[in-house]
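Take a look at the structure set out below.
The values are calculated or read from the model by the stated rules, or taken from the named source; none is laboratory data. Bear in mind that the values here come from a model prediction, so they are computed numbers and not experimental data. Glycine gets a Cβ as well: all are built from the backbone with ideal geometry, and neighbour counts include every protein chain shown. Side chains are part of the model used for accessible areas, which takes the heavy atoms of the whole protein and leaves out ligands, DNA and RNA. Shrake-Rupley method; radii C 1.70, N 1.55, O 1.52, S 1.80 Å.
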Amino acid sequence: MKLSNEVAAFLNIINVYFHTEKELDQALFSKVNWKKFEKALEFHAIRPIVYDILKDSKIEVPNKLLKNLEIFSTAQAVSHLSNSLELKRLESVFQKASIPMISFKGVAYQKALYTTGLREAGDMDILVNKEQLPSALVLLWTDGYTFSIPQIFSSIEDYISLFEKAPEQCETPLIKKNLHVDLHWDIHHSFLPYKLPVDFIQSLETDTEQIFWTLVNHHGAKEFWLRLKHLIDLAAFLEKYGDNFDWPKAYTIACQTKMSTVFLNGFFLISNKLNVELPPYIKELLIDYEYKAYPKTIRYWNIGKTWATTLPRLHYEQILLLSQDSGFNKWVYFKNIYQTYTKPNPIEPKRYLYFPERFHFLNFLSKVFSYLIKKTFGIK
């Protein structure tokens, strides 16, 4: 599968970002469709870095596009500062309440991984132990955060009781004025085929390990390196921590947790597409490695549409099936999804139709139907 001119241009920019001695390929950029470029850039979520590289380059970029990127990058800088201050405050609030809390993605990755440039991000993500979820919810409620769910509740106790009927949930959104926090108590949905122990991230010994495993789990095992932002994060981790990280231990954990394929796929991509030098141990693992989802991954990069829409979701699921370790059974995976969707829960977005709980298949169809309608027509 051949890269589109627009994605090839993105990769050229990222290469210059990591290898400052390189220059942008003017012949390549002369073939770029700038409307497609801007649209795909929104999906791949690397606008501040693209702006930083393009604004000082010799590439003839449409003025409107450059201005849009400047406005977006400025807004991102303001948002990053606001989120950084709020996370710092929340760390203090959680610490005083003796509730361990880990920040990941967004501000955490910017601070831990990026020596230059601004990482595109939106909300704040924090992770707590599942057993302390009720205490964390009470704490945030008391702090002024509200909860965006379809059910009406009169007290925080009523809200917390809703989670007893939603055991497959692993996160919930919270809002306070212009601030948005996603509170997580697990790192991925139960129907996904990975085998992470409960509170795995919280049990890790160092902040560096926490950063790496939240990155691999989210970017690789949940989103399959389908956004170029994912590759920049992994490459930035390697650039900053690669020489001192225990790679044999990391790969052993990846194998034990059924994530060795997505683990190696990420390193394959940053080596082949970003020309990032890999640690010798990882290089050895990639000799004769077969990346089964590679053509479909490139195709998805070219399409550049979120998997929260109907057709891209089908492509996403194909990539998921090709990105699993040996022993993976797709029928067990589909069965787990089916069982998860057969019972409506009060935390999920509303379905259009509800049936008595005993009608499992009808409730499953209702979930799928509601999802397809909302995503196809952009209904919230």
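In region 214-252, of all residues being out of contact with any helix residue (DSSP H, G or I) (no Cβ under 7 Å at 6 or more places or on another chain) and farther than 18 Å from Leu278 by Cβ, the one that is surrounded by the most Cβ atoms within 10 Å (Cβ to Cβ) corresponds to Asn217.
Taken together, the residues in region 323-335 that are of a type outside the set (Ser, Thr, Tyr) and crowded, with 17+ Cβ neighbours inside 10 Å amount to 2.
Taken over region 93-145, the criterion of being within 30 Å of Ala235 (Cβ to Cβ), assigned to a helix (DSSP H, G or I) and among the polar types (S, T, N, Q) is satisfied by Gln110 alone. If I filter region 66-88 for residues that are in contact with a Ser or Thr (Cβ under 8 Å, 6 or more places away or on another chain), at pLDDT 90 or above and either of a type outside the set (S, T, N, Q) or closer than 30 Å to Phe10 by Cα (or both), do I get at least one hit? So far as region 66-88 goes, yes, one or more of its residues are in contact with a Ser or Thr (Cβ under 8 Å, 6 or more places away or on another chain), at pLDDT 90 or above and either of a type outside the set (S, T, N, Q) or closer than 30 Å to Phe10 by Cα (or both). When region 121-155 is filtered for residues that are at pLDDT below 90 and more than 26 Å from the chain's Cα centre (by Cα), the ones remaining, listed by number, are Gln151, Ile152, Phe153, Ser154, Ser155.
Please indicate, with yes or no, whether at least one residue in region 46-60 is part of a loop (DSSP other than H, G, I, E, B), at pLDDT 95 or above and within 25 Å of the chain's Cα centre (by Cα). Checked region 46-60: at least one residue is part of a loop (DSSP other than H, G, I, E, B), at pLDDT 95 or above and within 25 Å of the chain's Cα centre (by Cα). Based on what the data block shows, is Val78 free of Cβ contacts under 8 Å to residues at least 60 places away in the same chain, of a type in the set (A, V, I, L, M) and open to solvent by 90 Å² or more (accessible area, probe 1.4 Å)? Yes. In summary, Thr257 fulfils each of the numbered conditions (1) open to solvent by 40 Å² or more (accessible area, probe 1.4 Å); (2) hydroxyl-bearing (Ser, Thr, Tyr); (3) modelled with pLDDT under 95 with the single exception of condition (1).
Determine, yes or no, whether Leu133 is in contact (Cβ under 8 Å) with a residue 24 or more places away in the chain, farther than 24 Å from Thr172 by Cβ, open to solvent by less than 30 Å² (accessible area, probe 1.4 Å) and of a type in the set (A, V, I, L, M). Talk me through it step by step, then tell me what you get.
Details: in contact (Cβ under 8 Å) with a residue 24 or more places away in the chain: yes; farther than 24 Å from Thr172 by Cβ: no; open to solvent by less than 30 Å² (accessible area, probe 1.4 Å): yes; of a type in the set (A, V, I, L, M): yes.
Taking the combined requirement at face value, the residue does not satisfy it.
With respect to being modelled with pLDDT of 90 or more and of a type in the set (A, V, I, L, M, F, W, C), Leu264 fits the description. A search for C-beta distances below 6 Å between a residue of region 196-225 that is farther than 30 Å from Lys296 by Cα and without any contact (Cβ under 8 Å) to a residue 12 or more places away in the chain and any residue that is open to solvent by less than 40 Å² (accessible area, probe 1.4 Å) and not acidic (Asp, Glu), counting only pairs 6+ apart in sequence or on different chains, returns Leu204/Gln210. Does at least one position in region 291-308 carry a residue that is over 17 Å from the mean Cα position of the chain (by Cα) and at pLDDT below 90? Scanning region 291-308 turns up no residue that is over 17 Å from the mean Cα position of the chain (by Cα) and at pLDDT below 90.
Give region 8-28 a look and list any residue that's of a type outside the set (A, V, I, L, M), open to solvent by less than 60 Å² (accessible area, probe 1.4 Å) and in contact (Cβ under 8 Å) with a residue 24 or more places away in the chain, or say none.
Going residue by residue through region 8-28, those that are of a type outside the set (A, V, I, L, M) are 10, 12, 15, 17-23, 25-26.
Now restrict to residues that are open to solvent by less than 60 Å² (accessible area, probe 1.4 Å): 10, 12, 15, 17-19.
Across region 8-28, the qualifying residues are Phe10, Asn15, Tyr17, Phe18, His19.
Those residues that are within 28 Å of Leu192 (Cβ to Cβ) and open to solvent by less than 50 Å² (accessible area, probe 1.4 Å), I need them from region 142-158; list them, please. Write out each step before concluding.
First pass over region 142-158, keeping only residues within 28 Å of Leu192 (Cβ to Cβ): 145, 147-151.
Within region 142-158, Tyr145, Phe147, Ile149, Pro150 meet the criteria.
Across region 232-278, the qualifying residues are those that are of a type outside the set (Asp, Glu) and outside any helix (DSSP H, G or I), and the one among them that is nearest to Thr297 (Cα to Cα) is Leu274.
The rows are residues; the columns are (1) more than 24 Å from Tyr300 (Cα to Cα); (2) open to solvent by less than 10 Å² (accessible area, probe 1.4 Å).
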site: Ser30; (1), (2): no, no
site: Asn33; (1), (2): no, no
site: Glu38; (1), (2): no, no
site: Leu41; (1), (2): no, yes
site: Pro48; (1), (2): no, yes
site: Val61; (1), (2): yes, no
site: Lys64; (1), (2): yes, no
site: Leu69; (1), (2): no, yes
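Of all residues in region 159-213, those that are crowded, with 20+ Cβ neighbours inside 10 Å and in a helix (DSSP H, G or I) total 6. Taking the criterion of being of a type in the set (Phe, Trp, Tyr) and surrounded by 19 or more Cβ atoms within 10 Å (Cβ to Cβ), the residues of region 274-315 that qualify are Tyr300, Trp301, Trp307.
Hey, can you tell me all the residues within region 256-314 that are at positive phi and charged (D, E, K, R)?
Here is the first cut: in region 256-314, the ones at positive phi are 258, 275, 288, 304.
Selection gives Lys258, Asp288.
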